[in-house]
């Protein structure tokens, strides 16, 4: 790995997402060596992936080079690699580029799509957890319409223009809203020789309301917004199987769709090597104590999506979102400093800042701890919060510029097939 | 192909580059049906590809959706396809999505990399004629440094940090300059544990000066700028072969480099089906008369890079750049209108507006017909002209924002490996 051995303790952080970066930034200017590992050389601002997938933002504007986040810090190292396993007895991690010793290990590997074991859906469905995956969806959406134009079989054409989004959480709702806006403002102009009214956008939710994690008012309003945008919202319906065309459900309604986007579940992106007891099945996360320590390991911590810190208030751990990840990261960094300074560490207390989701132009829902509101103002709040949270001035500026342009012009100009997904032009 | 047959004559344009778009835009609001074919769904602003390859611009900011260019025009159609061949006797083209009849055919397929038959260089070298190819170069450059960090064999590390650019035309010069600026401003910060001074940037030119197509003063100054930036300029040297590491030349100097970018030649991207006599070997372009007509065909035209309109003043046709393509496109459109109106068509006269190339920050060379200048002012002129020529307000704004940011911060933030080229993390 070519990382110098110093007399300072070494903190190895796996993952440069919200959680990992929060730890890394907080540890600067200390007598520590920090090694950040990630399989990408950039941080991904996941909350805006759906805008990349629907042509509203360029991928580069929601990615930030990880080396830049640490390149003015002393004794910080970054390595582009995938961690294969942890060897807790040896205080080592095995990676694709060699072995690395650690004094403290921070697992911040985030989450991955949970298909709940369904191999067919995994094979034929699309997922949206990374930038390349979002770009695949972007390509596929446009390729579908280019193909639909040529298709003379009405059934097949309908299937090409039928989009099934499984999962009514923030990802599903935001993606459906963005697709609906494409249907309204862009596709009829781009494909005047296609009857865009036959395009269908379906959101399938297994429980009885959308945005389960939010207030009832937010759920109702989100559903209302989606329906007004022409989205078909299906509740209490479960997708059982998919063969690339036929969507099999547990209800009477079945679908024929070329595109199925699976946003119905995530699970912790756990790493091999730790004892089985460390992992709990809700859903496949590392069980951690109130100090983010992985069960029975004094110097191994897990934070963010991959960690489940169960408490009376949060019996299933915190939700898999940016806020718990950032707060846990910052807190853990302070605790690591305390450990090194032989001070007493403090338990983590989550400060719920609320949650929000946007459905479309002037349409968002916001749940603050003491105030829940929906509509235009919520939409502005949503934009402001997301713009503010983006890393990097350039990214903020490019995203802001795109949003202003898209708002004024009712447009989304990055509807480009830069890397074909189906690769129809062989 | 699903394009309605009308009583209007049909103009089929192959290629949505500078030439093809110039024709298409000029033909609007007439009693014509226009069909634009392209293998991408976007127009590429090729002069800025090198900035995508070196992390200065996002790909989406130099691409523009082709459908948008025509979506408010009546009787205009776009199809995403690759043309296989022309059947001139039948007035038809065969494509990957079916056959299409034409009344007038405009071939504006541009150019592709010319390896002059060298299969090894084609296999191991990189080319930069499209956005995906530029993104491959971007990924490869960064992957090389990530790998160099880990490489303990000094020879191998040197080869990873050795960049050979073959060809001293605008592409080679601009790319070398941009790489040199990465070496100066970004790489030492990103890779403090790597001795970036050992990075080599070589430009190999077969003739005795760079930028052959420009004035002698421009050539000298460009070379001077490159040398000041630390680029090794090799003249009168020819690359003969490459195996992915060893660059074989016809001189005493040989190179060991993991990256070889081939910018030493382009050729017309001709289409099959026309008589052999239509194609001339300088370099593989359609020979056209002063009305852009392909030899012996009354209703087949070729414009831009793929066409060679030989005249006393331009014995080898016009240079393969944006200006001749745009001017030929506009002129051809006017002639097509004249043909339909039974008026006399006019021969094309090229208005040379000059040429320019940028080497780096505050360093460019500009040859106007009556004024040749170099340096800071030339650099501002270069930027202004390129910004002005970009299609789309959003693209202009995003590029401008990036340039201002990069200028003030000495930075290039899109140094992202979004799709790995080597795919080292399997």
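Bear in mind these aren't lab numbers, they're just calculated from the coordinates by the rules spelled out. Predicted, not measured: the structure shown is a model, and the values here were computed from it. Cβ atoms come from the backbone with ideal geometry, glycine included; neighbour counts cover every protein chain shown.
Based on the mean of other beta carbon atoms within 10 Å per residue, what is the order of B:392-400, B:94-102, most packed first? Walk me through the numbers before you get to the answer.
Values: B:392-400: 19.8, B:94-102: 17.3.
The peptides rank, most packed first, as B:392-400, B:94-102.
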Checklist entry - Efficiency by 1/(1 + (r/R0)^6): what FRET value for residue B:220 and residue B:248, r their Cβ-Cβ distance, R0 = 45 Å, to the nearest 0.05? => result 0.95
Checklist outcome for this item: Which of A:197, A:138, A:209 fluctuates most in a GNM of chain A (C-alpha springs under 10 Å)? That residue is A:197
Checklist entry - For the stretch A:89-166, what is the convex hull volume of its Cα atoms per residue in Å³? => result 148
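How big is the C-alpha Rg of the stretch B:240-396 next to the rule-of-thumb value 2.2 N^0.38 Å, as a ratio? Please list the in-between numbers first.
Values: Rg = 19.9 Å, N = 157, 2.2 N^0.38 = 15.0 Å.
Dividing the Cα Rg of the stretch B:240-396 by 2.2 N^0.38 Å gives 1.32.
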Item to check | Among B:273, B:168, B:375, residue whose mean-square fluctuation peaks in a GNM of chain B (springs only between Cα atoms under 10 Å) | outcome: B:273
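If each residue's Cβ is checked for other Cβ atoms within 10 Å, how do A:215, A:61, A:130, A:7 rank with the fewest at the top? Each step should come with its number before you reach the end.
On the way: A:215 16, A:61 29, A:130 19, A:7 6.
Going from sparsest to densest Cβ surroundings: A:7, A:215, A:130, A:61.
Compute the Rg to Rh ratio over the stretch B:179-248 from the alpha carbon atoms, using the Kirkwood formula for Rh, and round to two decimal places.
Values: Rg = 14.5 Å, Rh = 13.8 Å.
Value, to two decimals: 1.05.
Of all the C-alpha pairs in the stretch B:256-342, what % are more than 20 Å from each other? Walk me through the intermediate numbers first.
Numbers: 1423 of 3741 pairs.
More than 20 Å apart: 38 percent of the Cα pairs in the stretch B:256-342.
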Checklist outcome for this item: If labels are modelled 7 Å from Cα along the Cβ direction, residue B:369 lies from its partners in the other copies at nm distances, smallest first, of 7.2
Item to check | Nearest-ten-degree value, helix A:216-228 long axis tilted from longest Cα axis of chain A | outcome: 40
Checklist entry - Could you put A:368, A:175, B:194, A:210 in order, starting from the residue whose Cβ has the fewest other Cβ atoms within 10 Å? => result A:368, B:194, A:175, A:210
Item to check | Translational diffusion of the stretch A:1-129, µm² s⁻¹ [Kirkwood Rh, Cα pairs; Stokes-Einstein; 10 °C; 1.306 mPa s] | outcome: 98
Checklist outcome for this item: Across the alpha-carbon set of chain A, Rg over Rh with Rh taken as the Kirkwood radius works out to 0.98
Next on the checklist: With only alpha-carbon pairs counted, each pair once and no self-pairs, how large is the Kirkwood hydrodynamic radius of the stretch B:246-287 in angstroms?
Outcome noted: 13.3
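When Cβ neighbours within 10 Å are restricted to other protein chains, what is their mean count per residue of peptide B:70-78? It would help to have the intermediate numbers written out before the result.
Numbers: counts 2, 6, 2, 1, 1, 0, 1, 3, 5.
So the per-residue partner count for this stretch is 2.
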Item to check | Average beta-carbon neighbours from other chains, 10 Å sphere, peptide A:403-416 | outcome: 4
Checklist entry - Counting each DSSP H run of 4 or more residues in the protein assembly as shown as -39500 (n - 2.57), what helix-only mean residue ellipticity at 222 nm follows after dividing by all residues, to the nearest 500 deg cm²/dmol? => result -9500 deg cm²/dmol
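Could you list B:174, A:290 so that the one with the fewest beta carbons within 10 Å of its beta carbon is first and the one with the most is last?
Result, fewest neighbours first: A:290, B:174.
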Next on the checklist: What value in Å³ per residue do you get for the convex hull of the alpha-carbon atoms in the stretch A:24-79?
Outcome noted: 77
Item to check | Cα-based Rg / Dmax (Å) for the stretch B:119-264 | outcome: 14.7, 45
Checklist entry - Taking every pair of alpha-carbon atoms in the protein assembly as shown, what share in percent sits in each 10 Å bin, from 0 to the bin with the longest distance? => result 2, 12, 20, 23, 20, 14, 6, 2, 0, 0
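If I take every Cα pair under 8 Å that is 6 or more residues apart in the stretch B:119-264, average their sequence separation and divide by the length, what percent do I get for the relative contact order? Walk me through the intermediate numbers first.
On the way: 252 pairs, mean separation 49.0, N = 146.
Averaging sequence separation for qualifying contacts and normalising by length gives 34 percent for the stretch B:119-264.
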Checklist entry - How far is residue A:354 from the same spot in each other copy, in nm, shortest first, if each label point sits 7 Å from Cα toward Cβ? => result 5.7
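Mind checking Rg over Rh on the stretch A:231-270, alpha carbons, Kirkwood formula for Rh? Don't skip to the end; give the middle numbers.
Details: Rg = 11.8 Å, Rh = 11.6 Å.
So for the stretch A:231-270, dividing Rg by the Kirkwood Rh gives 1.02.
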Checklist outcome for this item: FRET efficiency (residue B:400, residue A:342; Cβ distance; R0 56 Å; to 0.05) is 0.55
Checklist outcome for this item: Measuring from the longest principal axis of the C-alpha atoms of chain B, the long axis of helix B:322-340 (C-alpha) lies at a number of degrees, nearest 10, equal to 10
Checklist entry - If you build a Gaussian network model of chain B, linking Cα atoms that sit under 10 Å apart, which residue out of B:170, B:47, B:369 swings the most? => result B:369
Item to check | the stretch B:1-129: antiparallel DSSP beta bridges as a percent of all, rounded to 5 | outcome: 45
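When only Cα pairs under 8 Å and 6 or more residues apart are kept, what is the percent relative contact order across chain A? Working shown, then result.
Values: 873 pairs, mean separation 86.0, N = 426.
Here the relative contact order equals 20 percent.
Give me the inter-chain shielding for A:54-65: mean count of other chain Cβ atoms within 10 Å, whole number please.
Across the residues of A:54-65, the mean count of other-chain Cβ atoms within 10 Å is 5.
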Item to check | Cα centroid separation - the stretch B:143-194 against the stretch B:226-259, whole Å | outcome: 14
Checklist entry - Considering the rotational relationship between chains B and A, which residue of chain B contributes the beta-carbon of minimal distance to the axis, and what is that distance to the nearest Å? => result B:58, 2
Item to check | Rounded tilt (10° steps) of A:131-150 against the dominant C-alpha axis of chain A | outcome: 10
